[in-house]
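Written below as C-alpha cells is the structure these notes are about.
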C-alpha cells in the first residue's frame, strides 16, 4: 500500500529535479559562454502573447467570481462524501444509492437557491 | 526507516513553507506558500496511513480553499505593494509565543494512547461501510448535508449584501 505512495514521491522528486534542471540550463550555458549576453530594451520587453498592458497589469476582478468559488467549495465538500461511497459502491448496494440521492438532493436545494437568486448570472 | 526519512523531509519543508506564509511580503507568494503547506500536511497524513484523509486534504484544501484564497487576492487592491508594517507585530509575537507554550505543554503532559492494532490498509472502503453501510452513521451524513446546505445559503445571503 505505502509503496504506491513511494512511487508518487519518486514522481515528485523527478518533477522538482526536472524543473530545477530547466532553470539551470540557460544559466549554465551563459556561464560557459555558449549563449551570448547582449541585453537591450527591446529584448527585455514583454513579448509573445497578448498586447502590451496600458496602466497596471493587476486589475481588480469582478466580485461575481467569488460566488462561483463559494459554491464550488461547498460542492467540493460534498465530493468528500461521494468519494468513499463510489469506491465501495458494489458492496453497499441499493440502500446507499437512495441515501446518496437524498444527500445530493439536499445540496441541490442550495444550488437552485443560488440560481434563482441570480447569483450565477453574469452581468 | 523510509517513513522516518520522509516524515523529517516533509516536516522540514512544511516548516519552511509555513514560515514563508508569515514572512513573505507579497500576499500572492504567501498564498502559494500556504498551498505548499497544505500539500505537505497531506503528505504527513500519508505517512500516518490515513490515505483517505490525505485525499480529502488535497481535494478540499489544495483544490478549493486555495482557489478561494487566490480569488480573494485577485480582488485585493495594491497586491504588488505588499503588506504594510503592522503596529501589532510585537503584541502578536507575544500572543503567538504564549499559544505555542500552551500547545507544547499540552503535547508533553497528555498521555497519548497508542493502539497496538496495525492500521487498516486502504481506509476508504472501511469509511464507506461505516458511513453508508448497515448500522452506520447515515443520519449524521444527511445532517452534514443539511449543514452544507445552510453554508451555501449563508454564503449567498452574506455575499449578495451590497
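For the peptide A:102-110, the mean number of other protein chain Cβ atoms found within 10 angstrom of a residue's Cβ is 5.
Look at the stretch B:48-59: the mean tally of other chain Cβ atoms within 10 Å of its residues' Cβ atoms is 2.
May I ask for the equivalent-ellipsoid semi-axes of chain A, computed as the square root of five times each C-alpha gyration tensor eigenvalue and listed largest first in whole Å?
Sorted largest first and rounded, they come to 48, 31, 8 Å.
Which shape class, rounded, prolate or oblate, goes with chain B when its Cα gyration tensor gives a ≥ b ≥ c as root eigenvalues, a/c under 1.5 marks rounded, and past that a/b bigger than b/c marks prolate? Oblate shape, in that a/c is at least 1.5 and b/c is the bigger or equal ratio. On C-alpha positions alone, give me the angle between the axis of helix A:94-116 and the longest principal axis of chain A, in degrees, nearest 10. Taking Cα atoms only, the helix is inclined about 60 degrees. Seen through its C-alpha gyration tensor, with square-root eigenvalues sorted a ≥ b ≥ c, the range A:2-52 comes out oblate because a/c lies at 1.5 or above while a/b is not bigger than b/c. Sort the range A:64-116 into rounded, prolate or oblate with this rule: let a ≥ b ≥ c be the square roots of the eigenvalues of the Cα gyration tensor; rounded if a/c is under 1.5, and if a/c is not under 1.5, prolate when a/b is larger than b/c, oblate otherwise. Judged from the Cα gyration tensor, the range A:64-116 comes out oblate (a/c at least 1.5, b/c at or above a/b). The protection proxy used here, the mean number of other Cβ atoms lying within 10 Å of each residue, ranks peptides A:7-17, B:128-138, B:28-38 as follows, highest first: B:28-38, B:128-138, A:7-17. The value of relative contact order for the range B:39-157, using C-alpha pairs under 8 Å at least six residues apart, is 25 percent.
Every read-out reported here was derived from the displayed coordinates using simple, explicitly stated rules and does not represent laboratory data. In this text the structure is predicted, and so the values were computed from the model without any measurement. Positions of Cβ are backbone-derived with ideal geometry, glycine not excepted, and every protein chain shown enters the neighbour counts.
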